[in-house]
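Written out below as structure tokens is the structure these notes cover.
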Amino acid sequence: MSNFFKRWLRSQVRYFASTLIPVVLIIGFGMLAVTFWPSIAWGSTATFAVIVIAITFWLV
């Protein structure tokens, strides 16, 4: 039972880390981009999102 719980908890932590951390990074970068570079905010945020998603898939 303990081994099952450890495996389940590890898979949950991996799932949340692979979804929530990139989302927070992308939203945070988008907010900074709108503040400092309003004319290129969409393009830079989209580029950053693609890079973060690619790194996430590569790591997980």
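All of the numbers you see were taken from the coordinates with simple rules; none came from a lab. Model, not experiment: these values are computed from the prediction.
Observations
- For the chain, the longest principal axis of the Cα atoms and the long axis of helix 41-59 meet at an angle of about 20 degrees.
- Nearest-ten-degree value, helix 2-36 long axis tilted from longest Cα axis of the chain: 10 degrees
- Its residues counted as N, the chain yields a C-alpha radius of gyration over 2.2 N^0.38 Å of 1.51.
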